[in-house]
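First up is the structure itself, then whatever we jot down about it.
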Amino acid sequence: MITGVLIMESLKPDCALDASGLTFTSISRHDVDGVTTEQPSRWTVAKFTGDVPDPGELAGRFAEVLDSPGWYVDFHSHDTVWVAFPRRVFTYARGDRDGHQVAVDYALSVGVPVSQTRWGN
C-alpha cells in the first residue's frame, strides 16, 4: 500500500494522468506561502492511497505529466519513498538520509523552494 500527495496545479496543461490503482482520500484547497513566481498561491491538494503492483511505474507516470519548474509528487510505502519530478524519479528506503538528501539536492537544483522539500522520508 502506498500513500502520497499530488498538487493538482503541478500537472502540465492539457495532460491526462492515468490514476489506475489510486484512491483519492481527500481533496482540499489551500492558500500557500513561499511559492515560486511560477507557482500559484492557491493549491488543490489531493491525498491518495493505492495498492499498485509497480510503484516505480506509477512514479514514471507522474514524471511524464508534471509541469516544470519546481513541481514534484511524493509517495511512500511502509519501507520505500518515491519522489517524481518532471522526467526524473528518485527512490530510496524510508529513513535513508543520504537517499533523501540526493532527492532534496535535485529538487533545489530545479527550483523547488527549501520550504517545499519536507516530504516524508
Got a number for residues in the stretch 21-34 being touching a Gly at 6+ places or on another chain (Cβ under 9 Å) and more than 23 Å from Ala93 (Cα to Cα)?
1
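From the list Val65, Val73, exactly one residue is more than 20 Å from Leu108 (Cβ to Cβ), of a type in the set (A, V, I, L, M, F, W, C) and in contact with a strand residue (DSSP E or B) (Cβ under 7 Å, 6 or more places away or on another chain). Which is it? Don't jump to the end; show me each part of the working.
Details: Val73 fails: more than 20 Å from Leu108 (Cβ to Cβ).
Only one candidate qualifies: Val65.
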With the structure loaded, tell me whether Val52 is over 14 Å from the mean Cα position of the chain (by Cα), surrounded by 13 or more Cβ atoms within 10 Å (Cβ to Cβ) and closer than 13 Å to Gly4 by Cα or whether it fails that test.
yes
State the number of residues belonging to the stretch 80-104 that are under 23 Å from Val65 (Cα atoms), surrounded by fewer than 18 Cβ atoms within 10 Å (Cβ to Cβ) and of a type outside the set (A, V, I, L, M).
4
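Conditions (1) out of contact with any Lys or Arg (no Cβ under 8 Å at 6 or more places or on another chain); (2) outside any loop (DSSP other than H, G, I, E, B); (3) closer than 19 Å to Val83 by Cα, marked per residue:
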residue: Thr3; (1), (2), (3): no, yes, yes
residue: Ser20; (1), (2), (3): yes, no, yes
residue: Gly34; (1), (2), (3): yes, no, no
residue: Pro40; (1), (2), (3): yes, no, no
residue: Thr44; (1), (2), (3): no, yes, yes
residue: Phe48; (1), (2), (3): yes, yes, yes
Could you give me the residue pairs with C-beta distances under 8 Å whose first residue belongs to the stretch 102-121 and is within 21 Å of Ser77 (Cα to Cα), whose second residue is at pLDDT 95 or above and acidic (Asp, Glu) wherever it lies, and which are 6+ apart or on separate chains?
Trp119/Asp74; Gly120/Asp74; Asn121/Asp96
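Any idea which residue in the stretch 105-121 is farthest from Val32 (Cα to Cα), counting only those that are touching a strand residue (DSSP E or B) at 6+ places or on another chain (Cβ under 9 Å) and surrounded by 18 or more Cβ atoms within 10 Å (Cβ to Cβ)? Walk me through how you get there before you give the answer.
Our first condition is that a residue be touching a strand residue (DSSP E or B) at 6+ places or on another chain (Cβ under 9 Å); within the stretch 105-121, this holds for 106-107, 110, 112, 119-121.
Narrowing the set further to residues that are surrounded by 18 or more Cβ atoms within 10 Å (Cβ to Cβ) leaves 107, 112, 119, 121.
On the way: Ala107: 18, Val112: 14, Trp119: 16, Asn121: 22 Å.
Looking at residues that are touching a strand residue (DSSP E or B) at 6+ places or on another chain (Cβ under 9 Å) and surrounded by 18 or more Cβ atoms within 10 Å (Cβ to Cβ), I get Asn121.
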Run Asp74 past the list (1) touching an Asp or Glu at 6+ places or on another chain (Cβ under 9 Å); (2) crowded, with 18+ Cβ neighbours inside 10 Å; (3) within 18 Å of Thr3 (Cβ to Cβ) and report the number of the one that doesn't hold.
(1)
Right, Arg29: among the basic types (Lys, Arg) and not in a strand (DSSP E or B) or not?
no
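The values are calculated or read from the model by the stated rules, or taken from the named source; none is laboratory data. These figures come from a predicted structure and were not determined experimentally. We place every Cβ from the backbone using ideal geometry, glycine too, and count neighbours over all the protein chains shown.
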